[in-house]
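The values are calculated or read from the model by the stated rules, or taken from the named source; none is laboratory data. These numbers come from a predicted model, not from an experiment. Every residue, glycine as well, gets a Cβ built from its backbone with ideal geometry; the counts of neighbours run over all protein chains shown.
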């Protein structure tokens, strides 16, 4: 990964880098551990991107309501609830991941 990609790093940059490396054969395709991690990582990236999309939709609805482009507070409340639920889910998954990581790090070999 080039150093210029470290500015504005988000899940999309990491996902695209992994996909490009996999296409060019830099990641061993026959290693089952890599494939398992890659599938979990892909799922996490998709979840984060979906959460970001919901938050963006909620912000767009707020702006539309503030500008008077829409009168529907129902659409705004739905968008806000979707964003809130998705964010709560993402934070819960992150917390579980960190808890698991701490448990593994405290294991004695």
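Restricted to segment 54-63, and to residues that are loosely packed, with under 15 Cβ neighbours inside 10 Å and over 21 Å from the mean Cα position of the chain (by Cα), which residue is farthest from residue 86 (Cα to Cα)?
Step one: filter segment 54-63 for residues loosely packed, with under 15 Cβ neighbours inside 10 Å, giving 56, 59-60, 62-63.
Now restrict to residues that are over 21 Å from the mean Cα position of the chain (by Cα): 62-63.
Working: 62: 18, 63: 20 Å.
So the residue we want is 63.
Conditions tested, residue by residue: (1) closer than 27 Å to residue 94 by Cα; (2) modelled with pLDDT of 85 or more.
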{"position": "26", "(1), (2)": "no, no"}
{"position": "34", "(1), (2)": "yes, no"}
{"position": "40", "(1), (2)": "yes, no"}
{"position": "53", "(1), (2)": "yes, yes"}
{"position": "58", "(1), (2)": "yes, yes"}
{"position": "79", "(1), (2)": "yes, yes"}
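Might you check whether a residue that is surrounded by 13 or more Cβ atoms within 10 Å (Cβ to Cβ) and either within 19 Å of residue 48 (Cα to Cα) or modelled with pLDDT of 95 or more (or both) occurs anywhere in segment 91-106?
yes
Considering every residue within segment 97-104, establish whether at least one is within 15 Å of the chain's Cα centre (by Cα) and part of a helix (DSSP H, G or I).
Taking segment 97-104 as the starting set, the residues that turn out to be within 15 Å of the chain's Cα centre (by Cα) are 97.
Filter again for part of a helix (DSSP H, G or I), leaving 97.
Looking for residues that are within 15 Å of the chain's Cα centre (by Cα) and part of a helix (DSSP H, G or I), one finds at least one in segment 97-104, hence yes.
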